[in-house]
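Asker: Sharing a structure with you now.
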């Protein structure tokens with residue numbers, strides 16, 4: 001365990017040094033949840049077209065490690081997470097500009113299996129599987145959603161010996177796509193990216209809504225353009241890009257940060 005903590009610290013330090021090295025006055029550094037990789041890559045390209053002298057540096061990982069990097073001083077301008085809890089921690093630590101925080105996308109947690117493999121008729125049927133991949137609930141929001149859903153279904157403890165934990169939702173997707181596990185829990189948008197390698201079996205309920213918040217980060221050097229990037233994501237053009245990748249538009253609610 002001490003070795004693991006040291007390794008994680010070294011990885012976080014490496015990411016901070018990398019982000020610091022690439023940061024320039026005309027950069028916008030965006031840290032985003034791994035499930036946003038494809039959509040945000042396209043969004044960044046669209047944003048750069050509107051700002052030809054600007055470069056968007058993208059940093060993708062599970063939401064918790066992204067927060068850890070910021071807590072350690074990484075020069076990040078924008079943070080987009082796959083859950084509210086991580087952004088809540090960032091806000092509580094005064095790491096983000098609170099008025100900039102907005103929900104910008106909604107996703108679904110789904111159960112997937114390797115292409116052509118046996119499909120469970122209901123969630124409880126995964127009890128017959130030998131290996132089930134989920135994101136590590138301690139660091140990956142998709143893993144926390146999966147744990148909540150399995151707990152709600154009275155399956156979490158029952159399946160405890162079958163879990164293969166991933167460091168991000170994309171790692172879980174890769175496990176299933178390569179046939180290394182019998183099933184996995186990912187977001188719908190991830191499953192759509194590898195529809196030729198995995199079968200989407202069912203949408204999984206029993207967890208909090210998968211709402212993605214975005215905000216300007218105070219450790220960065222370009223807050224003004226960071227806000228412009230947030231605004232672009234929230235614009236009709238940005239929402240159209242997200243929709244193409246399977247994300248739904250957020251619904252306003254009493255709990256949403258305005």
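Where a number appears in this text, it was derived from the coordinates with a stated rule and is not lab data. Because the structure is a prediction, the values reported are computed rather than measured. Ideal geometry is used to build each Cβ from the backbone, glycine not excepted, and the neighbour counts take in all protein chains shown.
Asker: For the pair residue 244 and residue 50, what calculated FRET efficiency results from E = 1/(1 + (r/R0)^6), where r is the Cβ-Cβ distance and R0 = 25 Å, to the nearest 0.05?
Answerer: Taking R0 as 25 Å, the efficiency between residue 50 and residue 244 is 0.85.
Asker: How would you rank 164, 96, going from fewest to most other Cβ atoms within 10 Å of each one's own Cβ?
Answerer: Ranking 164, 96 by Cβ neighbours within 10 Å, fewest first, gives 164, 96.
Asker: Next up: Give me 152, 89 sorted ascending by neighbouring Cβ count inside 10 Å, so fewest comes first.
Answerer: Exposure proxy ranking, most exposed first: 152, 89.
Asker: Mark the label point 7 Å from the Cα of residue 196 along Cα→Cβ and return the residues of the stretch 28-43 whose backbone N is within less than 20 Å of it.
Answerer: Of the residues in the stretch 28-43, 37-39, 42 have backbone N under 20 Å from the label point off residue 196.
Asker: Another one. Using alpha-carbon pairs under 8 Å, 6+ residues apart, how would you state the relative contact order of the stretch 109-203 in percent?
Answerer: Answer for the stretch 109-203 is 47 percent.
Asker: Identify the residues of the stretch 177-196 with backbone N under 18 Å of a label point that sits 7 angstrom from the Cα of residue 130 along the Cα-to-Cβ direction, or state none.
Answerer: 177-184
Asker: Further question on the same structure: Normalised by the residues of the chain, what does the relative contact order come to in percent, with Cα pairs under 8 Å and at least six apart?
Answerer: About 28 percent, as a whole number.
Asker: Given axes a ≥ b ≥ c from the Cα gyration tensor, I'd like to know whether the stretch 166-234 is rounded (a/c under 1.5), prolate (a/b larger than b/c) or oblate.
Answerer: It comes out prolate by the Cα gyration axes.
Asker: While we're here: Given 4 °C and 1.567 mPa s, compute D for the stretch 109-203 with the Stokes-Einstein relation, Rh being the Kirkwood radius over Cα pairs; round to the nearest whole µm²/s. Spell out each step's value before the answer.
Answerer: On the way: Rh = 12.6 Å.
Approximately 103 µm²/s, per Stokes-Einstein.
Asker: Find how much the distance from residue 237 to residue 180 grows on full extension, using 0.36 nm per residue of separation minus their present alpha carbon separation; answer in nm with one decimal.
Answerer: 16.7 nm
Asker: Right, next: Take the Cα gyration tensor of the chain, multiply each eigenvalue by 5, square-root it, and list the three semi-axes largest first, rounded to whole angstrom.
Answerer: Details: eigenvalues 196, 80, 57 Å².
They are 31, 20, 17 Å, listed largest first.
Asker: Taking R0 as 22 Å, what's the FRET efficiency between residue 88 and residue 138 from their Cβ-Cβ distance, rounded to 0.05?
Answerer: 0.85
Asker: Let me ask something else. Using Cβ counts within 10 Å as a stand-in for footprinting exposure, how do 51, 207 rank, fewest first?
Answerer: Sorted ascending by nearby Cβ count, the order is 51, 207.
Asker: Another one. Which order do the peptides 109-116, 210-217, 155-162 take when ranked by the mean count of other beta-carbon atoms within 10 Å per residue, highest first?
Answerer: Per-residue Cβ counts within 10 Å, averaged per peptide and sorted highest first, yield 210-217, 109-116, 155-162.
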